[in-house]
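Worksheet: one structure, shown below.
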Amino acid sequence: MDKFVIKGGRRLTGEVVISGAKNAAVAILPAVILSDEPCVIENVPSISDVNICLRILSEMGAEVTNIGKDTYRIDPTTINKFCVPYETARKMRASYYFLGALLGKFSKARVSMPGGCPLGDRPIDQHLKAFAAMGANYTLSQGMIDLTAEKLSGCQIFFDVVTVGATMNAMLAAVKAEGLTVIENAAKEPHIVDLANFLNSMGANIMGAGTDVIKIRGVEHLHGATYAVIPDQIEAGTFMAAVAATKGDVIIKNVIPKHLESITKKMEKIGVNIEQYDDSIHVWVDGPLVKANVKTAPHPGFPTDMQSQIATLLTLAEGTSIVTENIWEQRFRYVDELRRMGADITVNGKVALIEGTGKLMGAPVKACDLRAGAALIIAGLAASGVTEIEDIYHIERGYDCMEGKLRALGADIEKVSVPDKHSMKPDEVKKAI
């Protein structure tokens, strides 16, 4: 079992390079299945969710070759299995993208229900609605989803709610369907545009990605392509919050500033200085942080994946802030851990009231999900004393070498291995304590 040990109170200074986007990579890698030729994917983040995706592709028979630090060559022409193993797929939510890719290529798929962070119900009804509209039949049994289709046909799809996962899955299934598919009330996040750009680079015909209406005219074949994943806007936003929390001064490289607009605007209201360049931003704090109200919303609104990080920053600000979570009902599970560090936060349903104390204290805490873990790192960097964060496997699902990047900016953070008490003998537990 690994944990992070952070000695807080150090300003972050210097430069950091952002890795490829987790939420784009975990859809683009399954999308390679649709190609009739090998593909090369660049700027792939080294995170556990991506490693699971690559393992699934390999277990299905694809030839996966690491040809550079963050570059993979994937040959899907050798795939001979259409089932994503339960034990592998249940570890990540994005395993459901294999449904759309396999269905689009082979007209059949068998994938376990999604796993990942415990943020509440993760219904896939909108995914299945889209597949059924294209002509697929499905069954749910013992945690597995089975899809079959004689053929997929273009259709009209209207999502009852804005959903990133279902939008991307519908795109994957529709690119080789016969005729025109129109997706209405589509999600508009940057990683949806990135998936569409990748599919188009292979010869797909997708129009309107990034708007609420996406039109896809099916094609018979998709060819190989070389494609670079976009930078991770949430990793960039997390570093922005970390710099602000430590009153630091950092240039954040390999970003698309437009993707950060909602985060940048809110940070500036809090008192963070941000200067934008072509593919980098300069973030620094030279004055007090002040209160702000934050409401999460689908893109282009403030992202739910940044909610816990900015809430942590607001515990250090002057005044009373209100954070409203409109996407995931269990996104506030991290609050109890921040309270252990001295935060004054009251949660009522989907609203958190934050009384800025201006200071946090180091404490032993646990990461309950990916973004909660990022929030605890930010808190630990800003806190006085030592913070120990357990269950960091959540953090490693979505952040590429977080501790190494932070150390390069001057943070005192170490990843240490400790014995798992559940697997130790009683006398060993006593010694560990």
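Scanning the stretch 379-394 for residues being buried (at least 24 other Cβ atoms within 10 Å of the Cβ) and closer than 14 Å to GLU414 by Cα gives a total of 4.
Checked against (1) of a type outside the set (S, T, N, Q); (2) under 20 Å from ARG371 (Cβ atoms); (3) open to solvent by 40 Å² or more (accessible area, probe 1.4 Å); (4) within 19 Å of the chain's Cα centre (by Cα), ALA228 meets all criteria but (2).
Could you list, in sequence order, all residues of the stretch 281-297 that are touching a residue at least 60 places away in the same chain (Cβ under 8 Å) and surrounded by 18 or more Cβ atoms within 10 Å (Cβ to Cβ)? Steps first, answer last, please.
Here is the first cut: in the stretch 281-297, the residues touching a residue at least 60 places away in the same chain (Cβ under 8 Å) are 289, 291.
Residue satisfying the conditions is LEU289 alone.
Checking each residue in the stretch 356-368 for being in contact with an Asp or Glu (Cβ under 9 Å, 6 or more places away or on another chain) and in contact (Cβ under 8 Å) with a residue 60 or more places away in the chain picks out GLY356, GLY362, CYS368.
Going residue by residue through the stretch 273-280, is there one that turns out to be open to solvent by less than 10 Å² (accessible area, probe 1.4 Å) and either in contact (Cβ under 8 Å) with a residue 40 or more places away in the chain or over 30 Å from ASP36 (Cβ atoms) (or both)? Before you say what the answer is, go through the steps one by one.
Going residue by residue through the stretch 273-280, those that are open to solvent by less than 10 Å² (accessible area, probe 1.4 Å) are none.
Within the stretch 273-280, not a single residue is open to solvent by less than 10 Å² (accessible area, probe 1.4 Å) and either in contact (Cβ under 8 Å) with a residue 40 or more places away in the chain or over 30 Å from ASP36 (Cβ atoms) (or both).
Name the residue, out of ILE234, ILE230, ILE270, ILE263, that is modelled with pLDDT of 95 or more, aliphatic (A, V, I, L, M), within 25 Å of MET402 (Cβ to Cβ) and touching a His at 6+ places or on another chain (Cβ under 8 Å). Explain how you work it out, then say what you get.
Numbers: ILE234 fails: touching a His at 6+ places or on another chain (Cβ under 8 Å); ILE270 fails: touching a His at 6+ places or on another chain (Cβ under 8 Å); ILE263 fails: touching a His at 6+ places or on another chain (Cβ under 8 Å).
From the options ILE234, ILE230, ILE270, ILE263, the qualifying one is ILE230.
The C-beta contact set for the stretch 147-159 (first residue closer than 18 Å to ASN137 by Cβ, second residue aromatic (Phe, Trp, Tyr) and in a strand (DSSP E or B), distance under 9 angstrom, 6+ apart or interchain) comprises LEU147/TYR138; THR148/TYR138. For the stretch 175-182, does any single residue satisfy the condition of being part of a loop (DSSP other than H, G, I, E, B), farther than 22 Å from GLN309 by Cβ and β-branched (Val, Ile, Thr)? Yes, there is a match, as at least one residue in the stretch 175-182 is part of a loop (DSSP other than H, G, I, E, B), farther than 22 Å from GLN309 by Cβ and β-branched (Val, Ile, Thr). Filtering PRO288, PRO257 for residues that are within 20 Å of ARG11 (Cβ to Cβ), in contact with a strand residue (DSSP E or B) (Cβ under 9 Å, 6 or more places away or on another chain) and not aliphatic (A, V, I, L, M) leaves a single hit, PRO288.
Within the stretch 237-266, residues that are buried (at least 24 other Cβ atoms within 10 Å of the Cβ) have Cβ atoms under 6 Å from residues that are in a helix (DSSP H, G or I) and of a type in the set (S, T, N, Q) in these pairs: THR238/GLN309; ALA241/GLN309; HIS259/GLN233; LEU260/GLN233, counting only partners at least 6 apart in sequence or on another chain.
Where helices (runs of 4 or more DSSP H) sit wholly within the stretch 41-125, those with at least 2 residues that are open to solvent by less than 50 Å² (accessible area, probe 1.4 Å) and modelled with pLDDT of 90 or more occupy 48-59, 97-106.
Restricting the stretch 321-362 to residues that are among the hydrophobic types (A, V, I, L, M, F, W, C) and open to solvent by 60 Å² or more (accessible area, probe 1.4 Å) leaves a set whose member that is nearest to VAL290 (Cα to Cα) is ILE322. Among residues of the stretch 163-191 that are open to solvent by less than 10 Å² (accessible area, probe 1.4 Å), those with a Cβ under 8 angstrom from a residue that is at pLDDT 95 or above and of a type in the set (Asp, Glu), sequence gap 6+ or separate chain, pair up as ALA186/ASP212.
The values are calculated or read from the model by the stated rules, or taken from the named source; none is laboratory data. Computed from a prediction, not measured in an experiment: that's the story for all the values here. Note that each Cβ is placed from the backbone with ideal geometry, even for glycine, and that neighbours are counted across all protein chains shown. With ligands, DNA and RNA removed, areas are computed over all heavy atoms of the protein, side chains included. Shrake-Rupley method; radii C 1.70, N 1.55, O 1.52, S 1.80 Å.
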